[in-house]
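Trainee: Mind having a look at this structure? Questions to follow.
The values are calculated or read from the model by the stated rules, or taken from the named source; none is laboratory data. On a predicted model such as this, the values are computed, not experimentally measured, just so you know. We work out accessible area using only protein heavy atoms, side chains counted, and drop any ligands, DNA or RNA first. Shrake-Rupley method; radii C 1.70, N 1.55, O 1.52, S 1.80 Å.
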Amino acid sequence: MNNSDKMVPLVVPDFDTYPVTHQLQRATPIAQGIELLWNDGLTHQVPVIWLREFSPDPGTFHSVTREQRIALTDIPQDLSIAQMLIAEDGFLEVDWMPEDLHSRYHPGWLRCAVADPNDPMDSLPDRKLWPLPVTVKPNWLDGAAVYRGDTDALRIWLETLLRDGIGLLDGLPANREVIPAVVELIGPIRASNFGDVFEVESLPSANSNAYTALPLKVHSDLATREYIPGMQFLFCLENEATGGESLLVDGFAAAQQLNSESTEFFEVLATLPVPFGTKDREFDHRYCAPVLEHNAVGELSSVRHTYWLRSPMSGDFSTLNTFYAAYRRFQEICDDPDNQLRFRLQPGQLMAFDNRRVLHGRDAFDPESGRRLLRGCYGEREEVESRLRILYRALRAQEQTQQTGVRA
């Protein structure tokens, strides 16, 4: 048998650590499931098939990968519980039939897995919209600490990025290797037609408005893609040019204001598909989607707003006129200086922002007065979330070891 196939017993069916915050008081069979009663009075009803599917035994979960070895169709259709009890150590123990299988469920894992809304195990920072007009100032975090691998500094930066939509770092060395090195602390860089890493400066043969000295109203990048990059990172190497201040606007807050002014305007931007197309000599990306996109549970998840890449629209005359009125008003909200966070990037400063939430732009600058050179790349929102969960996981394991000397 290959070493990776050894049937090693598991405590929990993943790589996390689960503190036991509540004790399981009673487990009662019900039709097609069980009811769990915890010592704080909460109850949960769990289907029998759910409990069996997540049995942390080595026949169900691979002991190395912690991924399931079985599919639902491998579980007997006439599955039932032969015996069930709460052991002295707090684990829920279940004997299954017709399978000859004994399962032990860790109480910390079980409490978390039944989706208790009061359990903070899987919680990420709640999104906090900016007040409009903007009353906050740029909050520069310790970039040097992030760069040298300080996990506390990395965690604070990523929490800020998820909560506020922006995470600003200062004190980094002004060299080209910083941008990939810092971003790869989070996860993979997302490549685009501009490459893995790109440099933003005024070029004589530009293939994007970004590579000119023109002013750029706030926007999201790559609205022409089916899946807009979740994060963007811009790092300042040089900034001697006159002008070129950076602009940021919370697109979700702007959408919220639009909705408060006109539900009709909000609705048309949230439902009417808008065509976007790349203007490039070598690439031709196209995608059609609403400006304000919502996820499966109805939450605003993305602002698709690269205004100079919208393609001609067709459709109902009245609807198109409503769209143009709504889109103009949304742009007016974003263009309002009182709603913008404005600052001048200095060498060694890195600006990270949620590209599907926070819109970015810049003032015009004079390339004859000095060089303005930024280095940037894209990443994904889910990579930030993933890295933060791993950092939280490490903290839980450390706390568990300090308390008991044993990993759960």
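Trainee: Accessible area of R225, 1.4 Å probe, to the nearest 10 Å²?
Mentor: 30
Trainee: Semi-axes of the range 295-397's equivalent ellipsoid from the Cα gyration tensor, sqrt of 5 times each eigenvalue, largest first, rounded to whole Å?
Mentor: Semi-axes (√(5λ), whole Å): 31, 26, 13.
Trainee: Here's something else I'd like to know. Around A223, which amide H atoms from residues at least 5 apart in sequence, or from another chain, sit under 5 Å from its own amide H, with H modelled in the peptide plane?
Mentor: Amide H neighbours of A223: T306.
Trainee: While we're on this one: Using θ = phi - 60° and the Karplus curve 6.51 cos²θ - 1.76 cosθ + 1.60, what whole-Hz ³J(HN,Hα) does each residue of the range 243-258 get, with Gly and Pro shown as x?
Mentor: Running phi through 6.51 cos²θ - 1.76 cosθ + 1.60 with θ = phi - 60° gives x, x, 5, 7, 10, 9, 9, 6, x, 5, 5, 5, 5, 5, 5, 4 Hz.
Trainee: Right, something else. In Å², and per residue, what accessible area does the chain have when probed at 1.4 Å with the other protein chains present?
Mentor: Value for the chain: 49 Å² per residue.
Trainee: With every protein chain left in place, what is the accessible area of M231 in Å² (1.4 Å probe, nearest 10)?
Mentor: Probe radius 1.4 Å; accessible area of M231 about 0 Å².
Trainee: What percentage of the solvent-accessible surface of the range 253-378, computed with a 1.4 Å probe over protein heavy atoms, is contributed by carbon and sulfur atoms?
Mentor: 48
Trainee: I would also like to ask the following. Accessible area, 1.4 Å probe, largest first: how do K137, K279 sort?
Mentor: Final ranking, largest accessible area leading: K137, K279.
Trainee: Please check: in the Gaussian network model of the chain (C-alpha springs, under 10 Å), which one of D40, D221, D152 has the largest mean-square fluctuation.
Mentor: D40
Trainee: Using modelled amide H (1.01 Å from N, peptide plane; none on Pro or chain starts), what sits under 5 Å from the amide H of L292, excluding residues fewer than 5 places away?
Mentor: Amide H neighbours of L292, under 5 Å, 5+ apart: A270, R304.
Trainee: Given the -39500 (n - 2.57) contribution per DSSP H run of 4+ residues, what per-residue ellipticity at 222 nm results for the chain, rounded to the nearest 500 deg cm²/dmol?
Mentor: Result for the chain: -7500 deg cm²/dmol, rounded to the nearest 500.
Trainee: When the C-alpha atoms of the chain are aligned to their principal axes, what extent does each axis show, in angstrom, from largest down?
Mentor: Computed over the chain, the largest-to-smallest principal extents equal 79, 54, 44 Å.
Trainee: Tell me, what is the 1.4 Å probe accessible area of R310, in Å² to the nearest 10?
Mentor: Accessible area of R310: about 60 Å².
Trainee: For the range 39-108 and the range 219-267, what is the separation of their Cα centres, given in Å?
Mentor: 47
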